[in-house]
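The values are calculated or read from the model by the stated rules, or taken from the named source; none is laboratory data. What you are looking at is a predicted structure, and each value in this text was computed from that prediction instead of being measured. For neighbour counting, all protein chains shown are included, and Cβ atoms are generated from backbone atoms with ideal geometry for every residue, glycine included.
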Amino acid sequence: MVSKTEEAEVNRLESQADNGGGGEWEYLSLVRKLKLRRPDKVLKHGLTILNDPKKRSSLGHDEWTLYEQVAIAAMDCHCLDVAQDCIKVLQKKFPESKRVGRLEAMLLEAKGSWAEAEKAYLSLLEDNPLDQVILKRRVALTKAQGDISGAIQRLSEYLEVFMADHEAWRELAEIYVSLQMYKQAAFCYEELILSQPMIPLYHLAYADVLYTLGGLENLQTAKKYYASTIDLTGGKNNRALFGVCLCTFAVAQLTKGRYKEDKESPELQSLAAAALEKDYKLRAPSKLSLLGSTLRSLKLSS
Amino acid sequence: MGGVSRYEIGQNAYIKLVLHALKHKTSAANGVLLGRLSGSDASPVVEVTDSVPLFHSQIGVLAPLEIALIMIEEHYGAQGLSIVGYFHANERFDDAELGNIAKNIGDHIYKNLPQAALLLLDNKKLEALSKQKEMAPVMQLFTKDASKSWKLVGSDGSSRLLLKEPSANIVLMDYISSGKWMDIIDFDDHLDDISKDWLNSELFK
């Protein structure tokens with residue numbers, strides 16, 4: 001996950017490089033550090049450096065890191081020849097390297113040679129059965145072939161060993177959501193919130209899943225987690241603000257006719273609505289009236 | 001009920017949906033189709049005059065979808081248009097299946113409009129566009145038949161999904177090569193930054 005300042009910086013470096021202002025290496029290093037996926041830009045700017053012998057040699061040892069980064073970006077862009085060329089260079093420099101072996105297996109994956117890629121990964125795992133990158137590539141391999149339940153199984157097995165891998169929990173949750181397996185997705189978000197309780201993204205995602213599951217208890221809990229998201233983001237998360245409004249409305253629908261004491265107080269919804277109105281007025285005034293009618297259709301009506 | 005419906009998709013509506021899918025190649029993407037019913041009883045036409053790209057992440061959670069639909073129905077209702085269908089682009093290139101999320105959203109639209117259209121991006125046709133001229137939209141059309149299940153339309157060769165402007169694919173290819181898909185804004189983008197306009201009103205200017 002990337003902060004707004006980090007994202008702004010990488011975008012700045014990207015347009016600088018795009019417009020011929022140099023700084024390709026700084027851009028590529030930041031992309032690597034933040035683990036961003038921008039394959040077309042990485043490919044373009046990486047090749048600018050690699051194809052220029054002077055620029056290349058000024059990198060020193062970093063040259064090989066760049067070959068690896070460009071190889072992966074090339075595979076992502078389906079420029080398999082470029083990937084192959086980069087890998088050849090690395091094979092020459094580092095024969096017998098496991099890290100290069102991994103790239104070779106990834107290239108097989110990119111070509112769609114599923115069985116060969118699987119074989120390559122398994123053989124790499126023989127010497128290092130706990131290589132997290134390879135274990136996760138096997139999950140990706142399964143998913144790429146369309147075997148989603150297989151991917152779930154492998155990812156779950158992986159998480160039994162590496163239960164602190166947050167990105168893996170997120171991936172599993174997203175797979176579950178795509179299959180509408182919301183209870184299972186909720187479990188993943190619960191794990192994430194337990195281990196990293198101050199990250200608003202997890203609270204928000206959890207609330208979204210609970211809201212989707214529906215039912216009074218889930219809606220009430222969803223509202224709590226939309227509220228905690230608002231808390232953790234200083235009131236700046238519009239998704240959570242909308243979430244609070246939706247939950248209040250949905251709960252009101254379900255509790256119609258019950259005793260007034262059971263009903264929730266409308267304060268939280270009013271505050272959320274006011275915050276939304278303030279933000280839209282400031283930053284999206286053309287949509288303010290649309291917001292108004294949306295909020296009106298969600299207002300508690302007794 | 002009358003004759004079998006034809007579906008005519010306008011250039012801007014069509015291009016927005018494909019560009020959106022291209023902007024988010026590594027995930028699924030979806031959108032709604034806006035338009036109206038026209039033609040005669042014997043020859044009904046569903047005109048898709050506009051589209052709104054919706055999401056490219058966590059497709060399957062309801063809250064953002066509900067907000068989007070309320071706003072979209074409100075905005076387009078004032079223009080006399082309504083939601084006439086849904087567009088989905090699968091995450092994987094080889095996946096040509098209409099998933100359950102698409103069907104569920106389709107069911108919801110079907111409640112108000114039995115001629116509701118589900119459009120699925122056809123990745124192979126899209127890829128082929130750069131190699132050969134293509135007059136038909138690079139999408140597969142599904143409608144709900146009498147058996148109440150979503151069926152692929154046109155596999156018998158009948159073309160019931162047509163591009164209103166015959167040059168739409170040429171314009172699309174132009175936009176693809178100029179990287180226009182970078183400018184597409186969807187509802188996800190709007191929720192993350194409300195200053196971003198999900199109507200894409202400046203896109204084709």
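Structure values in brief
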| quantity | calculated |
| --- | --- |
| Total residues in region B:41-66, condition part of a loop (DSSP other than H, G, I, E, B), in contact (Cβ under 8 Å) with a residue 12 or more places away in the chain and under 16 Å from A:Tyr211 (Cα atoms) | 1 |
| Evaluation of A:Cys188 against (1) of a type outside the set (Asp, Glu); (2) surrounded by fewer than 22 Cβ atoms within 10 Å (Cβ to Cβ); (3) under 22 Å from A:Thr233 (Cα atoms); (4) within 13 Å of chain B (Cβ to nearest Cβ) (one fails), failing number | (2) |
| Checklist (1) more than 19 Å from the chain's Cα centre (by Cα); (2) under 26 Å from A:Gly101 (Cβ atoms); (3) within 14 Å of another protein chain (Cβ to nearest Cβ) applied to A:Glu157, failing item | (3) |
| Condition met for B:Leu120 (within 14 Å of chain A (Cβ to nearest Cβ) and modelled with pLDDT of 95 or more) | no |
| Residue among A:Asn218, A:Asn238 that is surrounded by fewer than 22 Cβ atoms within 10 Å (Cβ to Cβ) and among the polar types (S, T, N, Q) | A:Asn218 |
| Positions within region B:92-117 being of a type in the set (Phe, Trp, Tyr) and away from chain A (no Cβ under 14 Å), in sequence order | B:Tyr110 |
| Residue match in region B:67-88 (condition: surrounded by 21 or more Cβ atoms within 10 Å (Cβ to Cβ) and out of contact with any Leu (no Cβ under 8 Å at 6 or more places or on another chain)) | no |
| Hits in region B:69-91 (condition: in contact with a helix residue (DSSP H, G or I) (Cβ under 7 Å, 6 or more places away or on another chain) and within 10 Å of chain A (Cβ to nearest Cβ)) | B:Ile70, B:Met71, B:Glu74, B:His75 |
| Filter result (within 12 Å of chain A (Cβ to nearest Cβ) and within 22 Å of B:Ile9 (Cα to Cα)) within region B:25-55 | B:Ala28, B:Asn30, B:Phe55 |
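Yes/no per residue for (1) of a type outside the set (Lys, Arg); (2) surrounded by fewer than 16 Cβ atoms within 10 Å (Cβ to Cβ); (3) over 27 Å from B:Lys103 (Cα atoms):
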site: B:Leu126; (1), (2), (3): yes, no, no
site: B:Met139; (1), (2), (3): yes, no, no
site: B:Ser178; (1), (2), (3): yes, yes, yes
site: B:Ile184; (1), (2), (3): yes, no, no
site: B:Ser195; (1), (2), (3): yes, yes, yes
site: B:Ser201; (1), (2), (3): yes, yes, yes
site: B:Lys205; (1), (2), (3): no, yes, yes
